[in-house]
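The values are calculated or read from the model by the stated rules, or taken from the named source; none is laboratory data. Keep in mind that this is a model prediction, so the values were computed, not measured. Using ideal geometry, Cβ is built from the backbone for each residue, glycine included, and neighbour counts are taken over all protein chains shown. For accessibility, only protein heavy atoms count, side chains too; no ligands or nucleic acids. Shrake-Rupley method; radii C 1.70, N 1.55, O 1.52, S 1.80 Å.
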Amino acid sequence: VGFVVSRNMCSGSKLRSRAPRCSLLLSKATAKKLKSSAVEPTPAALSPEQRDRIARNKEAALEKLSSAQAPPGFGGSWREGLSEQFGKPYFKRLMTFVSEERKRYTVYPPAEDVFTWTQTCDIRDVKVVILGQDPYHGPNQAHGLCFSVKRPVRPPPSLENMYKELVSDIEGFQHPGHGDLTAWSKQGVLLLNAVLTVRGHQANSHKDKGWETFTDAVVQWLSNNLEGLVFMLWGAYAQKKGAAIDRKRHHILQAVHPSPLSCHRGFFGCKHFSKANELLKKSGKSPINWTEL
(Lines give C-alpha, C1' and ligand atoms only; values in the text may rest on other atoms or scores of the structure.)
Protein backbone atom coordinates (compact mmCIF):
# COMPACT_ATOMS: atom_id res chain seq x y z
CA VAL A 1 0.00 0.00 0.00
CA GLY A 2 2.85 2.34 0.84
CA PHE A 3 4.40 1.85 -2.64
CA VAL A 4 1.15 2.76 -4.43
CA VAL A 5 0.70 5.87 -2.31
CA SER A 6 4.22 7.08 -2.99
CA ARG A 7 3.97 6.50 -6.80
CA ASN A 8 0.51 7.95 -7.46
CA MET A 9 -0.19 10.41 -4.69
CA CYS A 10 2.81 11.36 -2.67
CA SER A 11 5.97 12.38 -4.59
CA GLY A 12 8.73 14.70 -3.38
CA SER A 13 7.46 17.49 -1.17
CA LYS A 14 3.91 16.27 -1.69
CA LEU A 15 4.75 13.11 0.20
CA ARG A 16 5.88 15.08 3.19
CA SER A 17 2.84 17.36 3.09
CA ARG A 18 0.30 14.53 2.67
CA ALA A 19 1.83 12.05 5.09
CA PRO A 20 0.26 13.58 8.24
CA ARG A 21 -3.17 13.59 6.52
CA CYS A 22 -2.77 9.95 5.50
CA SER A 23 -1.85 9.01 9.05
CA LEU A 24 -4.79 10.99 10.41
CA LEU A 25 -7.24 9.31 8.03
CA LEU A 26 -5.86 5.92 8.96
CA SER A 27 -6.11 6.76 12.64
CA LYS A 28 -9.75 7.84 12.36
CA ALA A 29 -10.73 4.85 10.29
CA THR A 30 -8.99 2.48 12.66
CA ALA A 31 -10.67 4.06 15.68
CA LYS A 32 -14.08 3.83 14.01
CA LYS A 33 -13.50 0.17 13.16
CA LEU A 34 -12.36 -0.65 16.66
CA LYS A 35 -15.36 1.17 18.18
CA SER A 36 -17.83 -0.64 15.95
CA SER A 37 -16.31 -3.99 16.75
CA ALA A 38 -16.24 -3.40 20.52
CA VAL A 39 -18.80 -5.32 22.54
CA GLU A 40 -20.88 -3.06 24.78
CA PRO A 41 -21.30 -4.52 28.28
CA THR A 42 -24.91 -5.38 29.03
CA PRO A 43 -25.99 -4.68 32.61
CA ALA A 44 -27.45 -7.63 34.40
CA ALA A 45 -31.26 -7.53 34.53
CA LEU A 46 -32.69 -6.73 37.95
CA SER A 47 -35.32 -8.96 39.40
CA PRO A 48 -38.68 -7.44 40.43
CA GLU A 49 -37.69 -7.96 44.07
CA GLN A 50 -34.45 -6.03 43.57
CA ARG A 51 -36.20 -3.16 41.80
CA ASP A 52 -38.79 -3.02 44.56
CA ARG A 53 -36.09 -2.96 47.23
CA ILE A 54 -34.22 -0.16 45.43
CA ALA A 55 -37.44 1.87 45.18
CA ARG A 56 -38.13 1.38 48.89
CA ASN A 57 -34.59 2.38 49.83
CA LYS A 58 -34.82 5.49 47.66
CA GLU A 59 -38.15 6.44 49.22
CA ALA A 60 -36.74 5.92 52.72
CA ALA A 61 -33.70 8.05 51.89
CA LEU A 62 -35.86 10.87 50.56
CA GLU A 63 -38.09 10.68 53.63
CA LYS A 64 -35.05 10.85 55.89
CA LEU A 65 -33.71 13.87 54.00
CA SER A 66 -37.12 15.56 54.14
CA SER A 67 -37.38 14.92 57.89
CA ALA A 68 -33.93 16.37 58.46
CA GLN A 69 -34.76 19.58 56.58
CA ALA A 70 -38.33 20.08 57.85
CA PRO A 71 -38.81 22.42 60.81
CA PRO A 72 -39.79 20.85 64.16
CA GLY A 73 -43.47 20.09 64.59
CA PHE A 74 -44.24 19.68 60.90
CA GLY A 75 -46.84 16.97 60.29
CA GLY A 76 -45.72 13.88 58.37
CA SER A 77 -48.05 13.96 55.37
CA TRP A 78 -47.52 17.70 54.91
CA ARG A 79 -43.76 17.25 55.21
CA GLU A 80 -43.85 14.75 52.35
CA GLY A 81 -46.00 17.00 50.14
CA LEU A 82 -43.99 20.16 50.75
CA SER A 83 -40.50 18.67 51.18
CA GLU A 84 -38.99 20.46 48.20
CA GLN A 85 -39.64 23.83 49.88
CA PHE A 86 -37.45 23.11 52.90
CA GLY A 87 -34.18 23.05 50.99
CA LYS A 88 -34.79 26.25 49.05
CA PRO A 89 -32.71 29.32 49.94
CA TYR A 90 -35.76 31.47 50.79
CA PHE A 91 -36.98 28.92 53.37
CA LYS A 92 -33.57 28.60 54.99
CA ARG A 93 -33.35 32.40 55.27
CA LEU A 94 -36.86 32.48 56.72
CA MET A 95 -36.05 29.89 59.41
CA THR A 96 -32.89 31.81 60.33
CA PHE A 97 -34.86 35.06 60.55
CA VAL A 98 -37.53 33.58 62.85
CA SER A 99 -34.88 31.96 65.04
CA GLU A 100 -33.04 35.27 65.45
CA GLU A 101 -36.30 37.07 66.18
CA ARG A 102 -37.12 34.63 68.99
CA LYS A 103 -33.74 35.37 70.60
CA ARG A 104 -34.45 39.11 70.71
CA TYR A 105 -38.21 39.45 70.97
CA THR A 106 -41.39 37.67 71.98
CA VAL A 107 -42.70 35.91 68.88
CA TYR A 108 -46.16 34.40 68.44
CA PRO A 109 -47.26 31.69 68.18
CA PRO A 110 -44.85 29.63 70.28
CA ALA A 111 -42.46 27.54 68.17
CA GLU A 112 -44.33 24.32 68.90
CA ASP A 113 -47.61 25.82 67.59
CA VAL A 114 -46.48 27.41 64.33
CA PHE A 115 -47.41 24.33 62.29
CA THR A 116 -50.46 23.17 64.23
CA TRP A 117 -52.37 23.16 60.93
CA THR A 118 -50.17 20.27 59.71
CA GLN A 119 -50.72 18.18 62.85
CA THR A 120 -54.51 18.05 63.08
CA CYS A 121 -55.35 16.77 59.59
CA ASP A 122 -53.65 14.71 56.87
CA ILE A 123 -52.80 16.78 53.78
CA ARG A 124 -55.02 14.60 51.59
CA ASP A 125 -57.98 14.87 53.97
CA VAL A 126 -58.38 18.64 53.58
CA LYS A 127 -61.88 19.59 52.43
CA VAL A 128 -62.28 23.29 53.22
CA VAL A 129 -59.61 26.03 53.20
CA ILE A 130 -60.06 29.33 55.07
CA LEU A 131 -57.25 31.79 54.40
CA GLY A 132 -56.19 34.38 56.98
CA GLN A 133 -53.43 36.96 56.92
CA ASP A 134 -51.39 37.49 60.09
CA PRO A 135 -51.33 35.67 63.46
CA TYR A 136 -52.80 37.37 66.53
CA HIS A 137 -49.97 39.28 68.23
CA GLY A 138 -51.16 39.19 71.85
CA PRO A 139 -50.26 36.63 74.56
CA ASN A 140 -52.05 33.25 74.62
CA GLN A 141 -53.91 33.91 71.39
CA ALA A 142 -52.24 32.54 68.24
CA HIS A 143 -51.69 28.78 68.11
CA GLY A 144 -51.20 27.98 64.43
CA LEU A 145 -54.80 28.14 63.15
CA CYS A 146 -56.11 31.33 61.57
CA PHE A 147 -58.99 33.07 63.40
CA SER A 148 -58.60 30.59 66.29
CA VAL A 149 -57.40 31.41 69.83
CA LYS A 150 -56.42 29.27 72.77
CA ARG A 151 -58.81 28.75 75.61
CA PRO A 152 -59.79 30.56 77.80
CA VAL A 153 -59.04 33.66 75.69
CA ARG A 154 -62.21 35.35 74.48
CA PRO A 155 -62.88 35.15 70.72
CA PRO A 156 -61.56 38.22 68.87
CA PRO A 157 -64.05 40.44 66.98
CA SER A 158 -63.65 38.73 63.57
CA LEU A 159 -64.29 35.31 65.09
CA GLU A 160 -67.30 36.66 66.98
CA ASN A 161 -68.72 37.78 63.65
CA MET A 162 -68.09 34.34 62.19
CA TYR A 163 -70.07 32.87 65.07
CA LYS A 164 -72.91 35.34 64.39
CA GLU A 165 -73.05 34.24 60.77
CA LEU A 166 -72.98 30.59 61.81
CA VAL A 167 -75.94 31.10 64.17
CA SER A 168 -78.02 32.41 61.26
CA ASP A 169 -76.64 29.98 58.67
CA ILE A 170 -76.29 26.60 60.41
CA GLU A 171 -79.23 25.07 62.21
CA GLY A 172 -78.39 24.22 65.81
CA PHE A 173 -75.20 26.26 65.99
CA GLN A 174 -74.66 27.96 69.34
CA HIS A 175 -71.82 30.18 70.46
CA PRO A 176 -69.34 27.71 72.01
CA GLY A 177 -68.10 30.13 74.68
CA HIS A 178 -64.49 29.93 73.46
CA GLY A 179 -62.46 30.62 70.33
CA ASP A 180 -60.60 27.34 69.79
CA LEU A 181 -61.33 26.00 66.28
CA THR A 182 -59.22 22.85 66.56
CA ALA A 183 -62.30 20.63 66.16
CA TRP A 184 -62.93 22.11 62.71
CA SER A 185 -59.31 21.54 61.76
CA LYS A 186 -59.57 17.88 62.71
CA GLN A 187 -62.51 17.51 60.31
CA GLY A 188 -60.50 18.78 57.35
CA VAL A 189 -60.86 22.55 57.60
CA LEU A 190 -57.45 24.07 56.88
CA LEU A 191 -57.17 27.36 58.80
CA LEU A 192 -54.10 28.87 57.16
CA ASN A 193 -52.60 32.31 57.69
CA ALA A 194 -50.46 33.78 54.90
CA VAL A 195 -47.79 34.71 57.46
CA LEU A 196 -47.19 32.18 60.23
CA THR A 197 -45.30 34.19 62.88
CA VAL A 198 -45.38 37.73 64.28
CA ARG A 199 -43.45 39.81 66.79
CA GLY A 200 -45.45 40.43 69.96
CA HIS A 201 -47.73 43.50 69.76
CA GLN A 202 -46.40 44.41 66.29
CA ALA A 203 -48.87 43.40 63.58
CA ASN A 204 -47.37 42.43 60.20
CA SER A 205 -43.84 42.56 61.63
CA HIS A 206 -42.92 39.29 59.86
CA LYS A 207 -44.49 40.29 56.56
CA ASP A 208 -42.42 39.82 53.38
CA LYS A 209 -39.83 37.60 55.08
CA GLY A 210 -40.70 34.43 53.14
CA TRP A 211 -43.84 33.07 54.78
CA GLU A 212 -46.02 34.27 51.89
CA THR A 213 -43.94 32.27 49.41
CA PHE A 214 -44.24 29.17 51.56
CA THR A 215 -48.01 29.41 52.12
CA ASP A 216 -48.48 30.11 48.40
CA ALA A 217 -46.76 26.75 47.83
CA VAL A 218 -49.19 25.12 50.29
CA VAL A 219 -52.21 26.52 48.44
CA GLN A 220 -50.72 25.54 45.08
CA TRP A 221 -50.05 21.97 46.23
CA LEU A 222 -53.66 21.59 47.36
CA SER A 223 -54.94 23.11 44.11
CA ASN A 224 -52.80 20.83 41.95
CA ASN A 225 -53.11 17.55 43.85
CA LEU A 226 -56.64 17.46 45.29
CA GLU A 227 -60.11 17.96 43.83
CA GLY A 228 -63.39 19.40 45.01
CA LEU A 229 -62.02 21.58 47.82
CA VAL A 230 -63.98 24.60 49.01
CA PHE A 231 -61.86 27.73 49.39
CA MET A 232 -63.34 30.53 51.52
CA LEU A 233 -61.66 33.77 50.49
CA TRP A 234 -62.69 36.62 52.77
CA GLY A 235 -61.36 40.07 51.92
CA ALA A 236 -59.12 41.38 49.16
CA TYR A 237 -55.93 39.92 50.64
CA ALA A 238 -57.25 36.35 50.74
CA GLN A 239 -58.78 36.71 47.28
CA LYS A 240 -55.48 37.84 45.83
CA LYS A 241 -53.67 34.94 47.49
CA GLY A 242 -56.21 32.51 46.05
CA ALA A 243 -56.03 33.90 42.52
CA ALA A 244 -53.98 30.94 41.24
CA ILE A 245 -56.38 28.26 42.53
CA ASP A 246 -57.67 26.02 39.74
CA ARG A 247 -61.35 26.96 39.57
CA LYS A 248 -62.13 24.01 37.32
CA ARG A 249 -61.05 21.59 40.05
CA HIS A 250 -62.24 23.48 43.14
CA HIS A 251 -65.01 25.70 44.50
CA ILE A 252 -64.42 29.33 45.46
CA LEU A 253 -66.59 31.28 47.94
CA GLN A 254 -65.76 35.00 48.19
CA ALA A 255 -66.98 37.70 50.57
CA VAL A 256 -65.67 40.68 52.51
CA HIS A 257 -63.60 40.03 55.64
CA PRO A 258 -65.53 39.30 58.86
CA SER A 259 -63.78 42.21 60.58
CA PRO A 260 -66.13 44.74 62.27
CA LEU A 261 -64.89 47.24 59.68
CA SER A 262 -66.38 45.30 56.76
CA CYS A 263 -68.72 42.55 57.99
CA HIS A 264 -71.89 44.56 57.27
CA ARG A 265 -70.87 44.96 53.63
CA GLY A 266 -71.47 41.35 52.66
CA PHE A 267 -70.09 38.92 55.22
CA PHE A 268 -73.30 38.71 57.22
CA GLY A 269 -75.73 36.74 55.10
CA CYS A 270 -73.10 35.16 52.82
CA LYS A 271 -74.05 31.68 54.12
CA HIS A 272 -70.63 30.31 53.24
CA PHE A 273 -70.76 27.58 55.86
CA SER A 274 -73.93 25.94 54.54
CA LYS A 275 -72.84 26.53 50.94
CA ALA A 276 -69.54 24.79 51.65
CA ASN A 277 -71.38 21.71 52.90
CA GLU A 278 -73.62 21.64 49.83
CA LEU A 279 -70.57 21.79 47.56
CA LEU A 280 -68.78 19.08 49.53
CA LYS A 281 -71.75 16.75 49.20
CA LYS A 282 -71.90 17.38 45.45
CA SER A 283 -68.22 16.38 45.30
CA GLY A 284 -68.94 13.16 47.20
CA LYS A 285 -67.33 14.36 50.43
CA SER A 286 -68.81 14.35 53.91
CA PRO A 287 -69.95 17.77 55.17
CA ILE A 288 -68.33 19.67 58.04
CA ASN A 289 -70.11 19.60 61.39
CA TRP A 290 -69.72 23.30 62.12
CA THR A 291 -71.53 22.93 65.46
CA GLU A 292 -68.76 20.66 66.76
CA LEU A 293 -66.49 22.98 68.72
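Results, tabulated for the structure shown:
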item	result
Residue in segment 254-264 that is in a helix (DSSP H, G or I), more than 22 Å from the chain's Cα centre (by Cα) and not hydroxyl-bearing (Ser, Thr, Tyr) present	yes
Candidates 235, 228, 269, filtered to the one that is surrounded by fewer than 17 Cβ atoms within 10 Å (Cβ to Cβ), over 22 Å from residue 122 (Cα atoms) and of a type outside the set (Phe, Trp, Tyr)	269
Single residue of segment 202-216 satisfying the filter (open to solvent by 20 Å² or more (accessible area, probe 1.4 Å) and in a helix (DSSP H, G or I)) that is nearest to residue 105 (Cα to Cα)	212
Any hit, segment 201-212, residues being under 30 Å from the mean Cα position of the chain (by Cα), modelled with pLDDT of 95 or more and under 23 Å from residue 230 (Cα atoms)	yes
Looking only at segment 64-77, and only at residues there that are among the hydrophobic types (A, V, I, L, M, F, W, C) and under 14 Å from the mean Cα position of the chain (by Cα), the one that is modelled with the lowest pLDDT	70
Residue that is modelled with the highest pLDDT, among those in segment 41-63 that are part of a loop (DSSP other than H, G, I, E, B) and small (Gly, Ala, Ser)	47
Tally of residues being under 16 Å from residue 111 (Cα atoms) and open to solvent by less than 30 Å² (accessible area, probe 1.4 Å) across segment 124-142	3
Close pairs (7 angstrom Cβ cut-off, 6 or more residues apart or separate chains): over 17 Å from residue 165 (Cβ atoms) and in contact (Cβ under 8 Å) with a residue 60 or more places away in the chain in segment 276-292, buried (at least 20 other Cβ atoms within 10 Å of the Cβ) and of a type in the set (Lys, Arg) anywhere	280/127; 285/127
Residue in segment 143-167 that is farthest from the chain's Cα centre (by Cα), counting only those that are open to solvent by 10 Å² or more (accessible area, probe 1.4 Å) and of a type in the set (A, V, I, L, M, F, W, C)	167
